[in-house]
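Derivation of every value follows stated rules applied to the coordinates shown; laboratory data play no part. Quick caveat: nothing in here was measured; it's all calculated off a predicted structure. Cβ coordinates were reconstructed from backbone atoms using ideal geometry, including for glycine residues, and neighbour counts include every protein chain displayed.
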Amino acid sequence: MTQPRMPIESGVPDHFQYMHPVMRKNYGQWDWHERPRPGVLHHVAKSGDSVWTVRAGTQRQMDVYTIRKLCDIADQYAEGHVRFTIRSNIEFMVSDEKKVAPLIEALEKNGFPIGGTGNSVSMISHTQGWLHCDIPASDASGAVKSLMDELHHEFTHEEMPNRVRITTSCCQINCGGQGDIAINIQHTKPPKINHDLVANVCERPSVVARCPVAAIRPAMVNGKPSLEVDEKKCICCGACFPPCPPMQINDPEHSKFAIWVGGKNSNARSKPTFHKLVAAGIPNNPPRWPEVGAVVKKILRVYKEDARDWERIGEWVERIGWPRFFELTELPFTKYHVDSWRGARHSLNASAHIRF
Ligand code: SF4
Ligand code: SF4
């Protein structure tokens, strides 16, 4: 009899092998937990075992020396186990409370702040930027590093009305960029086509099909097959650029940053929401993006002063109303804030519930 062909498992490796032994032993058997201070979690299992988790911030895009340094700290002070959160905080686990203070001291001495728990501004999640992706108009990780340098206090203290989740995204069809505050690239001009390259590089039907507003048509230019863009229809989304790099849309001047506010993924207290545009046309200004930082800090300051306890940013804005939000933050309200795209009401999902 022939053996059945078994599937080849090539996905995520089994995580149990890397788990701290106390966590492995008590998996699914946790009784209660507390936060003794910002950046430290204490979980107690039904068996009576305890584990303390110390959360630290990193620059996320790390060189090998930084990773080795973090591993050395884990070996020396934290029983040799680490894990990363979905927002790229690093967490060290210890099974003895006496080890918490020396671990914190070692991390802080090496420049890794402790925090990101509870009602703080946790690490900003971001997309890949210039380092890894082929279509970014900015360096999301660089903008994040600059911003977190300025939000150090908000990371290490739990002083916000509720948790704050910030994201950035380095193109407009972004693979990230949805949160309480989202800092996303915004193209402001249609793509410029390099007609000499289109015939060699692009599959024209796929590019035409990519455009969400049917603004691209096949065309003959200088006797060669190429494409043309109806600039009146184009919404400058950049979706044509990945399949066809000769449709260059990234531009140091015309690719700007926009800031969106009030997105929420969870179902807690209120249904999930999409964020709304609050500031556009902000210069994409490396290496420190000061204009982006100024707007984000202004929004955070007003939220901290004006929101009630436990209101997320979106819930706070819903309560006070968008006109009041613009008044308090002193951000100008322009015609660009009005979503006049006719298809939006059909395509925007407003909750995480499954629908058919
Ligand atoms: S947001 Fe866009 S450019 Fe940035 S990593 Fe994702 S796909 Fe690439
Ligand atoms: S940028 Fe977007 S809307 Fe404009 S042509 Fe390309 S795919 Fe179409």
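What is the distance, in nm, between label points placed 7 Å from the Cα along the Cα-to-Cβ direction at residue 175 and at residue 298?
3.3 nm
Sequence-distant or interchain residues sharing an amide H contact under 5 Å with residue 257, placed H: which?
Those lying under 5 Å, H to H, from residue 257 are 186, 281, 282, 284.
At 4 °C and 1.567 mPa s, grab the translational diffusion coefficient of the chain from Stokes-Einstein with a Kirkwood Rh over Cα pairs, rounded to a whole number in µm² per second.
56 µm²/s
Mind checking the dipole of the chain: about its Cα centre, +1 per Lys or Arg Cβ, -1 per Asp or Glu Cβ, Debye to the nearest 20?
Its charge dipole is roughly 1000 debye.
Using alpha carbons only, how many degrees (0 to 90, rounded to 10) separate the axis of helix 100-109 from the longest principal axis of the chain?
Between the helix axis and the principal axis of the chain, the angle is about 40 degrees.
Tell me, which cysteines of the chain are without a disulfide-compatible partner by the Cβ under 4.7 Å rule?
Taking the Cβ cut-off of 4.7 Å, the unpaired cysteines of the chain are 71, 133, 170, 171, 175, 211, 234, 236, 237, 240.
Using the Karplus equation 6.51 cos²θ - 1.76 cosθ + 1.60 (θ = phi - 60°), what ³J(HN,Hα) coupling, rounded to whole Hz, does each residue of segment 35-49 give in order, writing x for Gly and Pro?
In residue order, the calculated couplings are 10, x, 7, x, x, 10, 10, 10, 10, 10, 8, 4, 6, x, 5 Hz.
For the chain, take the longest principal axis of its alpha carbons; what is the angle in degrees between that and the long axis of helix 290-306, to the nearest 10 within 0 to 90?
60 degrees
At q = 0.09, 0.17, 0.20 Å⁻¹, what base-10 log of I(q)/I(0) does the Debye formula yield for segment 144-303 when every alpha carbon is treated as an equal point scatterer in vacuo?
-0.39, -0.98, -1.20
Mind jotting down the distance between the C-alpha centroids of segment 260-283 and segment 20-38, whole Å?
So the two Cα centres are separated by 32 Å.
Calculate one ³J(HN,Hα) per residue across segment 252-262 by plugging θ = phi - 60° into the Karplus curve 6.51 cos²θ - 1.76 cosθ + 1.60, and present them in order as whole Hz with x for glycine and proline.
x, 9, 8, 8, 10, 9, 10, 10, 10, 9, x
Using a 10 angstrom cutoff on alpha carbons, build the Gaussian network for the chain and name the most mobile of 169, 120, 95.
Result: 95 has the largest fluctuation of those listed.
Just from its helices, what would the mean residue ellipticity at 222 nm be for the chain, if runs of 4 or more DSSP H residues each count -39500 (n - 2.57) and the sum is divided by every residue, rounded to the nearest 500 deg cm²/dmol?
Value at 222 nm, helices only, nearest 500: -7500 deg cm²/dmol.
Which number do you get for Rg(Cα) / (2.2 N^0.38 Å) in segment 13-131?
Ratio of Cα Rg to 2.2 N^0.38 Å: 1.06.
Starting from the amide H of residue 88, placed 1.01 Å from N in the peptide plane, find each other amide H under 5 Å away whose residue is 5 or more places distant or on another chain.
Sorted by chain and number, the residues that satisfy this come to none at all.
List, in order, the whole-Hz ³J(HN,Hα) value for each residue of segment 11-17 obtained from phi through the Karplus relation with A = 6.51, B = -1.76, C = 1.60 and θ = phi - 60°; use x for Gly and Pro.
Working through the residues one at a time gives x, 5, x, 4, 7, 4, 5 Hz.
If you bin every alpha carbon distance in segment 250-347 into 5 Å steps from zero, what whole percent lands in each bin?
All Cα pairs considered, the percentages come to 2, 11, 20, 21, 20, 15, 8, 3, 0.
Which of the GluC sites (Glu not before Pro) across segment 236-339 are loop residues per DSSP, with 14 or fewer other Cβ within 10 Å?
Here the sparse-neighbourhood loop sites are 253, 330.
Subtracting the Cα-Cα distance from 0.36 nm times the residue separation, let me have the gained length for residue 42 to residue 29 in nm, one decimal.
Full extension from residue 42 to residue 29 adds 3.2 nm.
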